[in-house]
Amino acid sequence: MPNLLAEGGRQLLLGNEAITRGLIEAGTGFASTYPGTPSSEVGNILEKISADAGMYFEFSTNEKVAMEVSAAAASSGVRSFVFMKHVGLNVAADPMMTLAYSGIRGGMLIMSADDPSCHSSQNEQDNRYYSTLALLPMMEPSTPQEAKDMVKEAYRVSEELTLPLIFRTTTRVNHARGVVELGQRTEPKRTGHFDKDVARFVNIPAYAKQNRVRLLDLYKKAQELSEASSLNFVEGSGDVGIITSGVSYTYVREFVKGASILKLGFTNPLPEKKIAEFVKGKKAIIIVEELEPFLEDQVLRICAQNRLDVPVYGKRSGHLPRAWEFSPDTLSGIKGLVEVQDFSQPLPKVTVPLPSRPPTLCAGCPHRGMFAAAKKAAGTQDVIFCSDIGCYTLGVQPPFQAADFIICMGGGAGAAGGFAESTEQKAIAFMGDSTFFHAGIPPMVNALFNNHKVVIVVLDNRTTAMTGHQPNPGTGRDFGGVSTDAIDIKSLVEGVGVKFVEEINPYDVKAATKVMKDALEFDGLAVIISKCPCPLELKKQKQLVIRTVDVDQEKCVKCYNCVRTIACPALFKKDGQISTDPNQCIGCGMCVNVCPTKALGVRE
Amino acid sequence: MKYTVQIVGVGGQGVLMASMVLGNAAMDMGFKVAMSEVHGMAQRGGSVLSTLRFGDDVISPLEAAGSADLIMGFEPAETCRNLPLGNKDSVILMNLDPVLPSMVAAGFEEYPSIESLKDAVLAVNSNLYTIDATSIAIEAGKAVAANAVMIGAVAAMKGFPISKDVLLKSLIEQVPEKFRDLNVKAFEMGYSSMSS
């Protein structure tokens, strides 16, 4: 493990580790997040070291709340850092848009970790547009070292402008690793004082109108800072100019020869004069950026305004793709325009048919039991399985195929109500415990309020599993010197007045099936809490008691119910015989539960 | 000098750990290092790829397809799946011990014979080295040490720019103290299986 509290030296750091170190060097006093890949590691590290770093840190219940708590800290003069994945910023966009009107006092960075190629996301939206939408300054690092150093500069700019600054990264920055030279630590200011200023911090229409003008003035000032910023610089020489930012810069820098490069780190507002000056006299301009033509369209506009008649190539010209992340290969698209290094001829794909290996639910994952129960209970009924964001998304795969509709956090339960009213089909919504607290409570209340006859299943595995096992309100908190009690989901659901509430253990597939059958027949909203801790989390906590499952081959009637319904990776079928893999099996007994002849048995 | 290693395998096999050991060793040699890792969803038993680049002037965390100097394959099917990362001159190190995907385990899909996978590589690349890394690791004490076996094997490869001593030192620094002896043993066994 890297030592992010070290006094100095060089370390091989992940982009997210480098950014965290940047917070420590900048004296950040307050940080908040809702976990989301590719930003998650920052939270996992802060959970461990924030107290020693003198910083307050929390996993907020969702990104919106994370934005609000960090906004309050920065408004009180404490440097704050709120971070999330790109789609998380959609959730947090509401407070962000008006926070831009109020501004802040201590520096505030909003890290948006975008995910081109959707490595672990449901879309690849380009959050750079939030900076122009909210009129907020934005910076984009290219490497771990630059990311660490940029954090400090970003705080300086944020404070000079009294505006939060969008610190925009992508997967290949967050999850890149490189040698990072550490700088000096700064003792953080952990608390401040909120000096009231109603005209700034209370955006009733009369004040909001004025603050809109204030923001536009600050945006002009931001423009000047961008013009003067050393984060925007020219490298190399040639009559072809390349304008680039983020990780794309590293590909250009290493694999393009004989071009002049304008590397942009301060990317909103753009340094318009610097760009116009760079374009002047060039034979051609190429814009190398991932996702949308964010820089490209602005460069075209800057050229038009400055009457610069230089061809601009990029996405609009069809030379570079708009979909998916770039890699060095992507540069082949601009080979006719500039000298790009030749790459070796890749070996062909093998012709031997290879088995698929998609990510899958773990051995002993309790979600398997609940999916098996839901499928069995649904039987031949026409059921729409609405699912959500988390490990249980993987329920889309066979044999479960228990995901027909997924859009966003909490989205499954909301949609289930809509399906119930607009179709003759039944709707079952799955969501995790962390998702329930994040965005699952409002759609549940909505279903109750509007009498939607749906089943909501809270897959309560006592952690936020997919993003690396962060605590959530359902587990309580115990880090950084703060301890809180777990919030009981069942009491909460009963408390709002849901009439059908059942808590089940998904390892008991038969019992779960019966409860699901009752829920489907219930005339109203039914909530099932499928409660069983994630085995990976138990393993981390050294609390997992490992048993194994044996197969009595004489009793086995080869019905294959176990592999067909539970499909646990620890179950093997070879030459018609079922066996278990002792290296993977945890002895949870789910397969035992569905075996009709008791051929499977748990051994202590 | 520039050198690219593409490390491929399955979530849980220690691919990230191996890339950390090689990356730290490269840093200790005074090289610039740029790496890229896959985290998150893909780690749930899915295919995993880690890119490690080092040399006098590297900055890009990704490598172009076909440009790997070395493909470190932790698993035979994954090695074959990722062959297009290399070219005819790339060196390929392939662990012959498979990890069966769940659909194969459950009997819904077939896993090809190891021989056919070896042949598929040899048909297009003659620099194939094979090793039974998992079996060797079990012999050393535990299957999870297969990544140390693989690193030991790389240390024995002619032309690999990082010396055995530096790799071993980096391995020792990266693994928890209680697993140090196991990993050193596995590393040495990997090294000698390649040198013999």
Query - Of all residues in segment A:169-186 being within 14 Å of chain B (Cβ to nearest Cβ) and in a loop (DSSP other than H, G, I, E, B), the one that is farthest from residue A:130 (Cα to Cα) - result: A:182
Report task. Kindly provide the set of residues from segment B:106-118 that are in a helix (DSSP H, G or I) and not hydroxyl-bearing (Ser, Thr, Tyr), ordered by number. Result -> B:114, B:115, B:117, B:118
Query raised in the report: From the list A:123, A:127, which one is surrounded by fewer than 22 Cβ atoms within 10 Å (Cβ to Cβ), free of Cβ contacts under 8 Å to residues at least 60 places away in the same chain and under 30 Å from residue B:59 (Cα atoms)?
Result: A:123
**Report entry** Selection status of residue B:99, modelled with pLDDT under 95 and β-branched (Val, Ile, Thr)
**Finding:** yes
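So which of B:121, B:91 ends up being touching a Cys at 6+ places or on another chain (Cβ under 9 Å), modelled with pLDDT of 95 or more, closer than 30 Å to residue A:331 by Cα and of a type outside the set (Ser, Thr, Tyr)? So that I can check it myself, show each step before the final result.
Working: B:91 fails: touching a Cys at 6+ places or on another chain (Cβ under 9 Å).
Just a single option satisfies the conditions, and that option is B:121.
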Report task. With the checklist (1) free of Cβ contacts under 8 Å to residues at least 24 places away in the same chain; (2) part of a loop (DSSP other than H, G, I, E, B); (3) of a type in the set (D, E, K, R) in hand, flag the one item residue A:189 doesn't pass. Result -> (1)
Query raised in the report: Do you know which of the residues in segment B:82-105 that are surrounded by 22 or more Cβ atoms within 10 Å (Cβ to Cβ) and assigned to a strand (DSSP E or B) is nearest to the other protein chains (Cβ to nearest Cβ)?
Result: B:86
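Identify the residue in segment A:226-242 that is among the hydrophobic types (A, V, I, L, M, F, W, C) and out of contact with any helix residue (DSSP H, G or I) (no Cβ under 6 Å at 6 or more places or on another chain) and, among all such residues, is nearest to residue A:162 (Cα to Cα). Walk me through how you get there before you give the answer.
Within segment A:226-242, the subset among the hydrophobic types (A, V, I, L, M, F, W, C) is A:228, A:231, A:233-234, A:240, A:242.
Checking the rest, the ones that are also out of contact with any helix residue (DSSP H, G or I) (no Cβ under 6 Å at 6 or more places or on another chain) come to A:228, A:231, A:233-234, A:240.
Values: A:228: 18, A:231: 20, A:233: 25, A:234: 28, A:240: 38 Å.
Only one residue tops the list, namely A:228.
Out of all the residues in segment B:107-120, is one or more in contact with a strand residue (DSSP E or B) (Cβ under 7 Å, 6 or more places away or on another chain), surrounded by 20 or more Cβ atoms within 10 Å (Cβ to Cβ), at negative phi and among the hydrophobic types (A, V, I, L, M, F, W, C)? Reasoning before the result, please.
Of the residues in segment B:107-120, the ones in contact with a strand residue (DSSP E or B) (Cβ under 7 Å, 6 or more places away or on another chain) are B:107, B:118.
Those left that are additionally surrounded by 20 or more Cβ atoms within 10 Å (Cβ to Cβ): none.
Looking through segment B:107-120, none of the residues is in contact with a strand residue (DSSP E or B) (Cβ under 7 Å, 6 or more places away or on another chain), surrounded by 20 or more Cβ atoms within 10 Å (Cβ to Cβ), at negative phi and among the hydrophobic types (A, V, I, L, M, F, W, C).
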**Report entry** Any hit, segment A:274-285, residues being touching a residue at least 12 places away in the same chain (Cβ under 8 Å), under 30 Å from residue B:33 (Cβ atoms) and within 33 Å of the chain's Cα centre (by Cα)
**Finding:** no
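Where in segment A:407-501 are there helices (runs of 4 or more DSSP H), lying wholly inside it, with at least 3 residues that are crowded, with 20+ Cβ neighbours inside 10 Å and in contact with a Cys (Cβ under 6 Å, 6 or more places away or on another chain)? Outline the logic, then answer.
On the way: elements: A:411-422, A:441-449, A:489-496.
Answer list for segment A:407-501: A:411-422.
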Query raised in the report: Of everything in segment B:56-81 that's at the interface with chain A (Cβ under 9 Å from one of its Cβ atoms) and among the hydroxyl-bearing types (Ser, Thr, Tyr), which residue is surrounded by the fewest Cβ atoms within 10 Å (Cβ to Cβ)?
Result: B:67
Query raised in the report: Of the numbered conditions (1) more than 8 Å from every other protein chain (Cβ to nearest Cβ); (2) out of contact with any Phe, Trp or Tyr (no Cβ under 9 Å at 6 or more places or on another chain); (3) under 24 Å from residue A:355 (Cβ atoms), residue B:48 satisfies every one except a single condition; which is it?
Result: (2)
Report summary line: Counted residues in segment A:571-586 being crowded, with 18+ Cβ neighbours inside 10 Å and facing chain B (nearest Cβ under 8 Å) come to 3
Requested in this report: Working carefully through the options B:166, B:149, find the one that is more than 14 Å from chain A (Cβ to nearest Cβ), part of a helix (DSSP H, G or I) and in contact with a helix residue (DSSP H, G or I) (Cβ under 8 Å, 6 or more places away or on another chain).
Outcome: B:149
Query - Boolean, residue A:51 is buried (at least 24 other Cβ atoms within 10 Å of the Cβ) and aliphatic (A, V, I, L, M) - result: no
Report task. Show the residue pairs that are 6+ apart or on different chains and have beta-carbon atoms under 7 Å apart, the first residue being within segment A:330-351 and away from chain B (no Cβ under 13 Å), the second being surrounded by 21 or more Cβ atoms within 10 Å (Cβ to Cβ) and among the aromatic types (Phe, Trp, Tyr). Result -> A:334/A:313; A:337/A:313
Query raised in the report: residue A:219 versus (1) in a helix (DSSP H, G or I); (2) more than 29 Å from the chain's Cα centre (by Cα): which is the lone unmet condition?
Result: (2)
Requested in this report: Tally the residues that are surrounded by 21 or more Cβ atoms within 10 Å (Cβ to Cβ), among the polar types (S, T, N, Q) and more than 14 Å from chain B (Cβ to nearest Cβ), restricting the search to segment A:130-151.
Outcome: 1
Report task. Kindly check whether there is at least one residue in segment A:261-273 that is part of a strand (DSSP E or B), of a type in the set (D, E, K, R) and either assigned by TED's automatic domain parsing to the domain that holds residue A:100 or over 28 Å from residue A:29 (Cα atoms) (or both). Result -> yes
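Quick check on segment A:355-413: of everything there that is among the aromatic types (Phe, Trp, Tyr) and within 24 Å of the chain's Cα centre (by Cα), which residue is nearest to the other protein chains (Cβ to nearest Cβ)? Show your work before the answer.
Looking only at segment A:355-413, we keep the residues that are among the aromatic types (Phe, Trp, Tyr), and these are A:371, A:385, A:392, A:400, A:405.
Of the ones still in play, those that are also within 24 Å of the chain's Cα centre (by Cα) are A:385, A:392, A:405.
Values: A:385: 19, A:392: 11, A:405: 19 Å.
Restricting to residues being among the aromatic types (Phe, Trp, Tyr) and within 24 Å of the chain's Cα centre (by Cα), the top hit is A:392.
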Requested in this report: All but one of (1) more than 11 Å from chain A (Cβ to nearest Cβ); (2) within 29 Å of residue A:12 (Cα to Cα) hold for residue B:135, so report the exception by its number.
Outcome: (2)
Query raised in the report: Applying the selection to segment A:570-604, what residues are in a loop (DSSP other than H, G, I, E, B), under 24 Å from residue A:531 (Cβ atoms) and modelled with pLDDT of 90 or more?
Result: A:570, A:585, A:586, A:587, A:588, A:589, A:595
Report task. Hey, can you tell me all the residues within segment A:270-287 that are β-branched (Val, Ile, Thr) and either touching a Lys or Arg at 6+ places or on another chain (Cβ under 9 Å) or under 12 Å from residue A:240 (Cβ atoms) (or both)? Result -> A:279, A:285, A:286, A:287
Report task. May I ask you to list pairs of residues, at least six apart or on different chains, whose Cβ atoms are under 8 Å apart, with the first in segment A:299-321 being hydroxyl-bearing (Ser, Thr, Tyr) and the second being buried (at least 16 other Cβ atoms within 10 Å of the Cβ) and not in a loop (DSSP other than H, G, I, E, B)? Result -> A:313/A:284; A:313/A:285; A:313/A:286; A:313/A:287; A:313/A:334
Query raised in the report: Just wondering, is there one or more residues in segment B:119-131 that are within 27 Å of residue B:29 (Cβ to Cβ), under 18 Å from the mean Cα position of the chain (by Cα), hydrophobic (A, V, I, L, M, F, W, C) and assigned to a helix (DSSP H, G or I)?
Result: no
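The values are calculated or read from the model by the stated rules, or taken from the named source; none is laboratory data. The model shown is predicted, which means the values in this text are computed figures rather than measured ones. Positions of Cβ are generated from backbone atoms using ideal geometry, with glycine treated the same way; all protein chains shown enter the neighbour counts.
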